[in-house]
Structures are given as structure tokens and as C-alpha cells.
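A quick write-up on the structure given underneath.
Quick note: the coordinates plus some simple rules give every number you see, no bench work behind them. If you're wondering where the values come from, they're calculated on a predicted model, not measured in any experiment. Positions of Cβ are backbone-derived with ideal geometry, glycine not excepted, and every protein chain shown enters the neighbour counts.
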Amino acid sequence: MFVPTPPAVQDPAPAPVQETIVTASRSNATATTTSADVTVVSSEELYATGERSLPRMIQKAAGVFVQETNLGGGAPILRGLIGNQILIVVDGVRLNDSSTRGGPNQSLNGIDPAIVERVEVVRGPTSVLYGSDALGGVILIWTKQRRPTGGVAGADGELHAGVDGSYQSVTDGYRASLEVSGAGESYGWLAVGGYHDWDDLESASGTVDHTGYDGENFFGSWESSLGRARSLRATTLISKDHDVPRTDRLNVGFGQTNPSNDEFLFAIQDRQMSALTYEDANPGLFADALQARVSFRYYNEDREVRSFGSSTRRMEHDTINTLGFGIDFKKAIGTEHLITYGFDVDYDEIDSGRVDVNVNTGVQTPNVGNFAPGSRYTASGVFLQDELLSFDPIDVTVGMRYGFYDFAFKDPTSSKREDGDFDSLTGSLAIGSEVSKGVRVVGTVAQGFRAPNLSELARDATFAGGTELHNADLDPEQSLYGELALEVTAARWNGALALFVNSISDTIGRRLVNAGGPAIGDETYVRDNAGTVELYGVEGRYSRRLGGADSPWSFDTRVEWTYGKQYDDFVDPTTGAQPFLDVPATKVPPLYGSVGLGYLAGRSWLDRADLSMQWATSQNKLAPQDLTDPRIDPNGTNGWVTLDFDVTGPIGSGRGSYWSVGLHNLLDEEYRMHGSGLDAPGFGVVVGVHLSL
């Protein structure tokens, strides 16, 4: 029987962050969960990467391929999917909303690593538990907290503080944070404030212009004990980034003689989230444990955009307000069923505006925002998951969700009110068995679902220098996913392998409806369902302790490969051809992996040392959309290999204080992650310090 990864990892932060026990969360591992699909990364492991941002930390620590359109971005790709086909969840609350773009976005980069206790990367569709957007997988982020002492003798209730900082030579930039926390018998609190400032990136081929930006963060947590096994927690997260350049639009890309824009700046990216979470682990008639969450989310984005050669600067803003509620129940029925059930609902309202400024005369002209006036969106669902315990030694997990989504907006061109709705019934089935000692096999069949959101239904915006139009008549994306996973656990080594296939029908893309003039940048596209995408892949990992049982040496490796095809019978009216029939799927990563050698020293001056290699082969299987994307070389993206060396050591004898030094890209490899809008960092030095005060 599989023993799931504990839902909490002790954090090494200066404050003694207590273990988080989420008794009723839908994220709890089931008996059919395998390490082939779920990777849990602690804050220790994130910091040990020496990377600048949370997306890059996850890339290195969890083996996730990450695309960066600009330095302020970082979009994970899971099982070949990206953007709003990947769900990001913070403390059980969705970070995705109805404005989340279909392509790469900066959502994950807006989370300060200093507030993170652990990250769980779940690969494969999780639509039954989480609803729309989780076609490729979900990134679960759990934040730090200080729990009440509960009056336990010897429990730490002192006031603690800590300072964390790191410097990165390739951006001549830094990140710093201050953390304070305290606890009493019935309460615990924690606060983290941070600031970051990054200059233009230095790649192996030179300075990458239009990359630097700065920002600040704040996070607060308060937890109150309400008696035996009951608690109430309030959290607030604020993240602001300033003057973030859209690098791929401001630098000359592939197939271009001029950049797409003279100006493209995210003047402000302001994300705020507040949540109130109630937990009760007292058994009752309908549940043995429950967790209820109420959340309010706010996101404001201001942009300054001017097309190449244009005298009109567009001052754009989008503001999204989201009110959410969700509740999870856990109930054991006899000795044969462990039921997880609940419901969730999120309501979005979007305010969007635009002012056009003539840069020569200063004349300002009001215009229509990217999102249509009165844009609103509701997403709701009810789910049930049952772990069947009566078939031992076979483990069975079965689940089902019904989801309902509706939207409305006022078409700015016709003043007509547009509205509509979608619903879905999705299911999943996983069957696992231990075929021999330490060897488990799990087979999974799951449906996925993604409802079109307002970014596709009600948004007109720039795309590749041209214009992209909304479409209120889109159909939802639906998928059928199959996987066979093998997991092996031995005394000194363990490994996992997963083979998967994912067929996504009515995938949402864009079609060219007006080619414009001979120059690139004046085309008109419209959002549309673009046929079926089929993804096939294999992912594997292997970890081993080298030498005897007490050896400090370890070895680990990961590899992932995805192959995708698109089948769309659309006929181009100008040529009579079918340009998207049986062609490679867009933005699929190449064969990608990592190899690591670790040494756990445990000495007074050195804790551990890690030598790691990341690599990717070339990717020349390009979709028609990739061939016209300035971020992607039409001849394909070259393969690459990088080497990093990271060491950490203690400071003094107190727990929680340590230093770190990293030498990254030791070979000064000149490369680009496939689909990214800028070259990767060249050789650089990273210095970090973590002080417990």
C-alpha cells in the first residue's frame, strides 16, 4: 500500500514555522498517487537551487520545463500544456481567473519565494478536484504559517525574526525579505515583507535589453485556535511589480527586421489576495473533517504600448475582482470508503479601459479597453471522490465533478449584450496494485475540461504585433487522458516512470482572418476552436544513495519527453489548403532532463554541495503558429547543456541561519528555453544569506 507524502514539510526559515496539517483538503494524496505524477518540493529545496524567482526554482528543483517571455514571467509546462491549461492554487484558492491568458503568463512569478513553505507539482488532468483549467496539471503552493502553541509544555511561543537575501550577478540584482512571527496558546501569526530589483540580464551572448524591473511583496498570516481540532486562519498576500518590459516585443525577434513595438511596458502588475480558512477535524454526521475557504482576489495590470513606428501610445488597464468560496469534506464510511467531496464557486468582474496618447502632440483620446464593458464570469462546481478500500491489495480511486460556468458582457461594437453558459460532467478512475515488494503499477483514465474564459470570449488585444479579436461562440475544451505509471522503492534507490496520452478536443486557438499588408504586424486574428490536439509522452525519475547506508553521496536524474500533433480540418479560403491538419502541436518542449550529484556534508562549515546538469535536445517539430512566432527560430531551437554548482553552510550554531553560493551555467552556454522571448542567463554567481535573529 502506498504511503503518501506527508502534507507538510518543516521549513528552515528563521521563525519556527509549524507543520501545516490540512485534514480535509482535496489535495491530500490518495492510495493511487505516485511519485511519477506528484513532486513535493520544500522551501529548503527551493532555496538550494540558488535561482532568482519561484518559477525558476520549481524548474530546477522539480524538473519542470518553464518558458519565459520576459524576466518578469515564468510559465510552467506540464505534460505539454501551458498558460490557462495549467492551474495554479495558493492555499486551496485558485490563482487563475477568467482573465488568465491562453499563452505564457506571469502569474507564478508574482509569488515571493520567501512566503512559500512547499510546492506540490501534480502532473496530468485534475479537473475532478479542481474544475476548469487543470488539463495539464496543477501547481499547489502552500504558504508559511505560525501555529498556536496549544498550551503544550515546551512549545515555542517566543517572538522570532529573520532576514533573507540573495544577489545574482547576471542581473546585478537582488531579492531581500524580513520575516517576523509569534505565537501564544490560542494564536499564531507571521508576516513577511520583501523587495526585489533586477537589472538587464546578461546572457552568454551579451546584455539582453529590456529585461530589468523591480517590485515589492507582503504576506501576513494569523491563525486562531477555536477549541479542540478547530481553527480559523486569515491570510493576506500583496505582490507588486513595476515597469516590467515585454522583452519579446521590444527586441528584434526571429523573422523580424524591426521589433513589434517601440514601447511595451507593464507599468504595474498588482496582485492581492485575502482568504479566511476554517478547519474542523471533529467527526460529525456528514464529515469527519472539513475545510471552508472564503477569498477575495484583486489583480490590476497597467500597460503602456506603442507599436513600432506608431505615434500612438495606448495606456491600457485591466482590473479583475474575484470573490470565491469553497468547502471540502472528508468522510470515512465504514472501512470500505474514504469520501472527499465539496463544492466551489468563483465570481469575476473585469473593468478595462484605454486612453490613446499622441506622443508628438500629447493629445489624449479615450478608447475601449481590451475587455468588453460589463465583463463578468461565474465558475462553480460540485465534486465527489471515493477511495475504495475493500479491494485490497488493489487500490481504487474514482471521482466525478459537475461544473457550471456562465458569462456576460456588452459588445463594444454593437452595444449588444452577449451572454452564455457551459456545463460539464467529468470523471476519473485510477487503479493501482503492488505487483511485488516495493513495485507498484497504477493505471489512470481521466477526463479534463476547460471552459472558455473572458480572455477568449470578451477580449480584443494585440497579438504578434497584429490584432486578436474575441469570440463569444466558443466551445469548451475537453480531454480524455490515459496513463500507466510504475513506481519502484528499494533500500538505497527509488524511481518512477509514467507513460501518458492526452487527447484534447475543441482546443481554443486563433485563426488569421486578414493578412493585412506585406509587412508583419498588421494581421487580424480571431479566437476559435481549432480542432483536436493529441499529446503523447513519457516522464521518468531515478534517485540513489551512492555507497553504504550512511554515505553522504546521492545521485538523481529526471527526463521528460512529449510529442504533440494538431488535427484541424479548417480550410484556408484564400489557398484552399488545410494548414493545421496533422501538424505538430504548438509550444511543445523538446526532450528535456537533469542530472544531479549531491554531497550531504553535515559539517560545521558546510551543509551540502550539489553539482547539477540541465539539458535539452533540439526542437524542430514546429507548429504553423510557431513558425510565425518571433520568439521561436523557424529553423528550430538548438539543444543545450548547462552545469551549476551550489553549496550551503551554517552560520554560527543557531538553527536556521545559513549561507549559500552558486556558480551557475559554468560553461557559459548560449541557449534559449524553447518558446522563450529571451536568451537564458550566462555564467553567473549567486550569493545568499539567511539569518535567524
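Would you please classify the overall shape of the chain from the alpha carbon gyration tensor, given that a ≥ b ≥ c denote the square roots of the eigenvalues, rounded means a/c under 1.5, and beyond that prolate means a/b larger than b/c while oblate covers the rest?
In terms of gyration-tensor shape, rounded.
Cα gyration tensor of segment 127-213, axes a ≥ b ≥ c as square roots of the eigenvalues: rounded (a/c below 1.5), prolate (a/b > b/c) or oblate?
Judged from the Cα gyration tensor, segment 127-213 comes out oblate (a/c at least 1.5, b/c at or above a/b).
Summing +1 for each Lys or Arg and -1 for each Asp or Glu among the other residues whose beta-carbon sits under 12 angstrom from that of Y567 gives -4. Summing +1 for each Lys or Arg and -1 for each Asp or Glu among the other residues whose beta-carbon sits under 14 angstrom from that of T413 gives +1. Charging the Cβ of each Asp and Glu at -1 and of each Lys and Arg at +1, and nothing else, the dipole of the chain about its Cα centre rounds to 1080 debye. Could you check what % of the DSSP bridge pairs in segment 38-692 are antiparallel, to the nearest 5? Around 95 percent antiparallel, to the nearest 5.
Shown in residue order for segment 262-268 are the 3J(HN,Hα) couplings computed by the Karplus curve 6.51 cos²θ - 1.76 cosθ + 1.60 at θ = phi - 60°: 7, 9, 7, 10, 7, 4, 8 Hz (x for Gly and Pro).
Cβ crowding within 10 Å ranks T617, T257, T149, T126 as T257, T617, T149, T126, fewest other Cβ atoms first.
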